[in-house]
Amino acid sequence: YQDKSKFCFGIDAVLLADYAKGIHGKKICDLCTGNGIIPILLAGIIKAQEIHGIELQKDIADLAKESVTLNNLNDRIKIFEGNLKDATSILEKNTYDAVTVNPPYMKNNSTVKENPISIARQEIHCTLEDVLKSSADLLKSNGKFFMIHRPNRLGEIFILLEKYNLGARRIRLVQPKKNKKPTMVLLEAEKCLHPELIVEPALT
């Protein structure tokens with residue numbers, strides 16, 4: 001279910017779910033879950049029996065719950081309403097095999113009116129650092145972290161990964177056309193492990 005007056009999922013959510021398809025483990029969390037598209041897609045391609053989603057906006061979280069029911073996935077997916085900054089008061093710390101997140105890409109612009117779309121796009125209620133900290137708190141040792149974001153924030157992303165003991169494993173830039181610059185970046189990291197970074201061929 002989607003409400004077109006609010007933020008609807010796009011290709012970035014689909015790309016992230018595909019990028020995370022190699023997840024192994026029983027317990028997965030999706031932060032900024034929106035209408036639950038990533039948990040629902042993951043349920044179709046991985047074997048995890050516990051997939052949890054956290055969504056800040058109540059009406060969007062309600063849409064996610066309806067979508068889970070529509071897809072007969074209530075036995076595997078549970079949606080929680082709340083701010084990801086409070087993730088460890090909602091969910092159990094250090095217990096997740098993987099965390100996925102398609103967060104707000106843009107820093108907060110105080111001149112923009114707060115509404116469902118601006119909340120989804122801008123860091124009004126959570127920052128990039130909040131995302132990395134909460135993800136690290138939820139993950140067990142050697143748990144996997146998957147995120148899609150904007151390439152122009154990679155410098156900040158790598159600094160925060162290091163701060164929260166998440167070692168970058170691989171990245172893949174995404175470009176809309178071969179002659180266009182990348183507009184998104186897919187990233188995988190692992191808690192308490194700092195392997196050599198693999199830079200994969202760009203996805204067009």
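The values are calculated or read from the model by the stated rules, or taken from the named source; none is laboratory data. Since the model is a prediction, treat every value here as computed from it, not as a measurement. As a convention, Cβ positions derive from the backbone with ideal geometry for all residues, glycine included, and neighbour counts pool all protein chains shown. Note: areas computed on protein heavy atoms with side chains; ligands, DNA, RNA excluded. Shrake-Rupley method; radii C 1.70, N 1.55, O 1.52, S 1.80 Å.
Numbers at a glance
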{"quantity": "Count - residues of the range 123-172 that are β-branched (Val, Ile, Thr) and under 18 Å from residue 55 (Cβ atoms)", "calculated": "4"}
{"quantity": "The lone exception for residue 159 - which of (1) at pLDDT below 95; (2) open to solvent by 70 Å² or more (accessible area, probe 1.4 Å); (3) not basic (Lys, Arg) it fails", "calculated": "(1)"}
{"quantity": "Residue in the range 19-28 that is touching a residue at least 12 places away in the same chain (Cβ under 8 Å) and over 22 Å from residue 170 (Cα atoms) present", "calculated": "yes"}
{"quantity": "Subset of the range 159-204 (residues that are β-branched (Val, Ile, Thr) and in contact with a Ser or Thr (Cβ under 7 Å, 6 or more places away or on another chain))", "calculated": "174"}
{"quantity": "Unique match (being part of a strand (DSSP E or B) and of a type in the set (Asp, Glu)) among 196, 190", "calculated": "190"}
{"quantity": "Residue in the range 149-166 that is part of a loop (DSSP other than H, G, I, E, B), among the aromatic types (Phe, Trp, Tyr) and within 14 Å of residue 133 (Cβ to Cβ) present", "calculated": "yes"}
